[in-house]
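Asker: Encoded as structure tokens, here's the structure I'll be asking about.
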Amino acid sequence: RITMSEPQPASEAAPPSEEEQPQTQVTDDQIRIRLRELLKDADLQSTTEKKLRKQLEEELKCDLTERKGLIREEVNTWLNENQDEEDGEEEAEQEEEEEEQPKKKRAAGGFTKAQAILSPALSAFLGGETKMARPQ
């Protein structure tokens with residue numbers, strides 16, 4: 001004869017293993033703050049969003065797969081902010097260099113000053129002119 005046992009109440013059930021334990025909730029702000037700290041020290045030539053996410057997962061002890069969008073957005077924001085700062089620094093350096101070096105004067109005239117020597121046939125046709133400005 002088969003008897004069915006009644007389900008055990010949750011309080012009497014075996015405690016969940018480490019893998020089954022609920023993960024601590026991490027706020028978006030916590031992710032942003034730690035991500036910015038990581039980006040300050042990161043080699044931007046070799047670091048990827050996935051590497052950053054994996055490092056954050058290890059440190060925060062939670063799965064951030066569902067927050068890829070947040071991480072991507074924050075990385076792009078950080079890169080844009082730092083690119084603007086670098087551009088400003090480069091422009092300031094260029095301005096300082098320009099101030100230190102005297103400006104070179106350009107030769108005036110261009111093609112209008114250059115004279116072309118005419119062939120004897122063309123010179124005879126034009127009434128004896130031997131030289132003529134290039135644009136003419």
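Asker: Once the piece of chain linking Arg72 and Leu118 is laid out straight, how much longer is it, given 0.36 nm per residue of separation minus the C-alpha distance between them?
Answerer: 9.7 nm
Asker: Could you compute the net charge surrounding Lys68? Neighbours are other residues with a C-beta less than 15 Å from the C-beta of Lys68; K and R count +1, D and E count -1.
Answerer: Neighbourhood net charge equals 0.
Asker: Contour minus end-to-end for Lys51 and Gln25, with contour as 0.36 nm per residue of separation and end-to-end as the Cα-Cα distance?
Answerer: Length gained between Lys51 and Gln25: 7.3 nm.
Asker: FRET efficiency for Arg36 and Cys62, Cβ-Cβ distance as r, R0 = 22 Å, nearest 0.05?
Answerer: According to the calculation, E is roughly 0.75.
Asker: Tally Lys and Arg at +1 and Asp and Glu at -1 over the other residues with C-beta under 14 Å from the C-beta of Thr47: what net charge comes out?
Answerer: Neighbourhood net charge equals +2.
Asker: Let me ask another. Solvent-accessible area per residue for segment 28-86 at a 1.4 Å probe radius, Å²?
Answerer: Per-residue value: 69 Å².
Asker: Given a 1.4 Å probe and every protein chain left where it sits, what share in percent of the accessible area of segment 28-86 is carbon and sulfur?
Answerer: 42 percent
The values are calculated or read from the model by the stated rules, or taken from the named source; none is laboratory data. None of the values given here were measured: they were computed from a predicted structure. Using ideal geometry, Cβ is built from the backbone for each residue, glycine included, and neighbour counts are taken over all protein chains shown. These area figures cover heavy atoms from the full protein model, side chains too; ligands, DNA and RNA do not enter into them. Shrake-Rupley method; radii C 1.70, N 1.55, O 1.52, S 1.80 Å.
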